[in-house]
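For reference, the structure is listed below as structure tokens.
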Amino acid sequence: MEKKRNSVLRHSRIADFACLALLFIVSLLGYGRFLVNVPIHDFYNFFFPYRYFVTDAISQGVSPFWNPYESMGLPAHADPQSGVFYLPVWLFTLIFGKYTTVCCAIEYIFHAFVGGAGFYFLAKHFAKDRFAAFATAAFYLLSGFFVGNAQHLSWIISAARLPWVLWSFVELMERPSLRPMLLFPVVFSLMLTGGYPGFVFVLAYVLAAIFILYLVKGLRNNRKGVVRSLAYLVGAAAITLCLCAPVLYSFWEVSDEITRGASLDFDKTAEPFTPQGLISLIFPQIGVGERNFIGTDPTMGSIYMGLLALPAIVVGLRKNRNTLLWVLVGTAVMALVAAFGTQIPANRLAFEHLPLLDHIRLPGLYRLFFITPMLIVAATGISYIKDNWPEQRKSAMLTTAVVAGLFVAVAITAGIVLASHPSAISLWQKVLAGALIGIATFSATAIAMRCSKATSVLAIVAVAMLAEPVVQANICGTETIYNTHGDRQQLSLATSTEGFPVPDSLSYSRKLIEKHQLHALWTNVGMFVKEVEYESYNPFRLYRHKRMLQKYDEADTTLVLPTAFFPTTVLCDTLPHFLTPDTAYTGKTEGVFSGTLHNATLEISSFEPGKIVINAQATEPRPLVLCQNYYKGWRATIDGKPTEIATANFAMMSVQIPAGKHEVVFEYRRPELKWLFMFQIIGTVLCIALLCGVTIRKLGVRSWMGLRLF
């Protein structure tokens with residue numbers, strides 16, 4: 001009996017692996033063109049340079065904790081979107097060494113597949129049907145969120161991990177055991193360390209709703225089971241804290257020093273989903289390509305889930321008897337309402353009174369929490385139709401035929417409009433293209449249901465189910481993912497600087513683009529050419545740095561300073577000023593100085609992320625100013641002896657140099673972060689190893705290649 005059970009389980013796992021392999025192929029079919037094209041917009045202006053910086057530092061044996069090039073130096077480990085503590089980035093570096101445009105595509109396709117794989121197991125938990133889980137997993141990884149927000153890599157990472165977190169948490173509450181207790185911390189930590197924090201804030205409320213549901217059900221029916229679930233839940237929480245410790249510590253430490261650390265004004269939230277965006281359910285090309293029509297950024301305009309998912313959602317809602325699924329449907333409705341942002345005044349109540357939600361600047365992210373539950377419902381609908389096919393065949397045929405007819409009517413209307421109103425060509429071309437795709441999809445499905453035997457209906461419907469979103473992803477990809485005419489040579493040139501050359505002065509992207517002829521880029525060039533920019537395209541900014549630039553922002557003036565300098569005068573002043581190499585400002589009276597530059601010289605001999613070496617010589621004691629933001633963790637030595645770091649010009653680091661010739665070393669030392677990160681790595685590896693062991697034991701595999709496993 002035991003052997004038979006193990007055999008069934010092994011065959012089930014083999015079928016799961018086959019479905020996952022097919023999902024990987026779907027990922028390649030949907031996004032494979034990215035491999036031969038270049039990323040666009042935020043992908044190459046923000047995420048690409050940051051990935052390049054982190055992987056370049058790691059590959060050269062330098063800690064990526066401090067980024068010296070953006071906004072005059074930032075603690076990269078505290079930037080939620082940097083990926084410094086995201087373990088796949090370190091693994092990626094070991095494999096590829098250097099981040100390129102092809103690496104962008106590989107990372108994106110990888111995360112799309114991971115999201116699909118997670119959704120497969122989540123959907124199978126609810127639908128109990130492998131085909132339904134596979135179909136909706138394909139819909140998920142090709143959905144409007146993945147296509148629309150492709151350029152926001154941290155958002156894609158959050159979407160890739162969300163199904164895994166939900167599945168492991170539900171498993172932990174329903175069947176508490178070692179496997180979900182180990183899986184949940186791993187996937188949640190990956191979501192937190194690599195993703196966008198806003199998704200974690202919303203997810204916390206979803207998990208709380210699920211927890212309350214199971215707590216109430218358990219207290220009514222099985223109090224011993226509640227105790228067991230709580231015990232495993234506490235264990236999972238403890239492991240999660242260990243795996244998330246470095247990033248949580250970094251966030252807590254920087255929260256009072258960054259411009260994004262405070263709550264937002266509800267009226268200043270941006271780029272919500274709009275009512276016009278609902279058309280993306282049927283015409284995804286409009287959601288990502290017609291900003292004037294949808295009234296928001298194209299990245300936020302699509303909730304597309306696959307055409308054949310829509311009737312399945314209707315069936316799933318009608319036949320659903322699962323309380324948990326209804327809870328998720330409720331969260332989906334609330335998420336859709338929240339996605340409309342300021343367009344619905346009632347959203348202000350949640351924004352202003354629920355903790356953490358007042359940190360979400362882009363309400364469009366809520367779309368993911370609408371798409372995910374709706375596709376779970378679609379999985380249950382597909383499963384119901386499949387299990388009750390003889391009874392459902394006629395109604396399914398009629399529905400698909402009617403929908404195909406509606407698309408025919410839309411196509412005719414679009415053709416008439418295009419013929420009579422050429423000015424509307426862009427929008428109506430997309431309507432016509434979408435209608436033709438809809439006709440092909442639903443007609444093929446209806447014909448399959450009418451003419452094929454039961455065994456072949458499933459295969460033909462599956463092809464129609466997959467072909468439609470794959471085609472849509474390839475069409476929409478040129479709007480939000482990659483540029484088919486992009487200059488790969490320019491981006492290759494951007495990553496060609498070897499080592500860590502010494503920068504001579506502060507600069508900014510526009511000047512660096514002209515200097516290095518990187519016309520394909522428009523910002524954050526400093527990380528590529530390894531020169532210090534005083535202002536960068538990054539929402540992560542230190543208050544002190546923003547205050548220093550106040551006069552320059554008001555006057556729209558360029559800041560010009562050498563990377564390090566000897567000021568002849570240091571004044572005590574608490575107001576921002578325009579800066580010159582001759583004058584610096586301090587907030588302490590003891591820092592006041594006046595002198596000359598007679599026989600005072602300095603040379604930066606080494607400039608690495610987190611370590612800067614300066615050879616200085618002066619005939620009298622005087623302050624030396626380094627154009628890097630001061631942040632806790634910086635230490636300075638003069639000839640190997642520790643010295644105090646003061647702040648100059650509100651943000652820069654300054655040390656007092658004695659008369660004579662000296663070597664000054666500024667070093668960013670964070671041993672506690674390195675230890676916490678080491679614990680994260682070891683903890684993650686141990687959890688994965690134990691998960692593999694549990695899975696192997698469950699499959700009944702006791703040996704591999706002649707070696708006894710247990």
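What follows draws every value from the coordinates through simple rules; no lab data is involved. Nothing here was measured: the structure is a model prediction, and the numbers come from that model. Glycine also receives a Cβ, built like all others from the backbone with ideal geometry; neighbour counts cover every protein chain displayed.
Assorted remarks:
- Nearest-ten-degree value, helix 178-194 long axis tilted from longest Cα axis of the chain: 50 degrees
- Ascending count of other beta-carbon atoms within 10 Å, so fewest first, for TRP66, TRP167, TRP90: TRP90, TRP167, TRP66
- Among HIS41, HIS11, sorting on how many other beta-carbon atoms sit within 10 Å of each Cβ, with the fewest leading, yields HIS11, HIS41.
- From phi via Karplus (6.51, -1.76, 1.60), per-residue ³J(HN,Hα) for segment 516-529 in Hz, x at Gly/Pro: 10, 6, 9, 5, 6, 10, 9, 6, 6, 6, x, 5, 6, 8
- Net charge in the neighbourhood of ASN221 (other residues with Cβ under 14 Å of its Cβ; Lys, Arg +1, Asp, Glu -1) is +4.
- Amide H contacts under 5 Å for ILE303, placed H, 5+ residues apart: SER280, LEU281
- Per the Debye calculation on segment 100-200 with a single equal scatterer at every Cα and no solvent contribution, log₁₀ I(q)/I(0) for q = 0.23 Å⁻¹ amounts to -1.20.
- Cα gyration tensor, segment 276-372 - rounded (a/c under 1.5), prolate or oblate: oblate
- Using the Karplus relation 6.51 cos²θ - 1.76 cosθ + 1.60 with θ = phi - 60°, the per-residue 3J(HN,Hα) values for segment 23-40 come to 5, 5, 5, 4, 4, 5, 5, x, 10, x, 5, 4, 5, 10, 10, 10, x, 10 Hz, with x marking Gly and Pro.
- FRET efficiency, ALA659 to THR580 (Cβ-Cβ, R0 30 Å, nearest 0.05): 0.80
- Per-residue extension of 0.36 nm, minus the Cα-Cα distance of ARG321 and ILE681, leaves a gain of 125.4 nm for this segment.
- For the peptides 100-113, 592-605, 533-546, 502-515, residues were scored by their other Cβ atoms within 10 Å and the scores averaged per peptide; the highest-first order is 100-113, 533-546, 502-515, 592-605.
- Amide proton proximity set for TYR537, modelled H, under 5 Å, gap of 5+: ASN524
- Mean-position separation - Cα centroids, segment 310-347 and segment 395-454, in angstrom: 27 Å
- Which of THR441, THR497, THR586, THR372 has the fewest Cβ neighbours within 10 Å, and the rest in rising order: THR497, THR586, THR441, THR372
- Nearest-0.05 FRET efficiency for LEU35 and ASP504, computed from C-beta distance (R0 51 Å): 0.85
- Rounded to the nearest 500, the helix-only mean residue ellipticity at 222 nm of the chain stands at -19000 deg cm²/dmol, with each DSSP H run of n ≥ 4 adding -39,500 (n - 2.57).
- DSSP beta bridges confined to the chain are antiparallel in about 90 percent of cases.
- Amide H to amide H distances under 5 Å link ILE258 with TYR543, where only residues 5 or more positions off or on other chains count and H is placed in the peptide plane.
- Here the extension length gained between ILE416 and VAL463 equals 13.8 nm, from 0.36 nm per residue of separation less the Cα-Cα distance.
- A Förster distance of 30 Å, applied to the separation of the beta-carbon atoms of GLN276 and ASP387, puts the FRET efficiency at 0.20.
- Share of Cα-Cα pairs in the chain lying beyond 32 Å, as whole percent: 57 percent
- Helix 309-319 vs. the chain, principal-axis angle (Cα, 0 to 90°, nearest 10): 60 degrees
- Rg over Rh, two decimals, segment 564-669 (C-alpha only, Kirkwood Rh): 0.93
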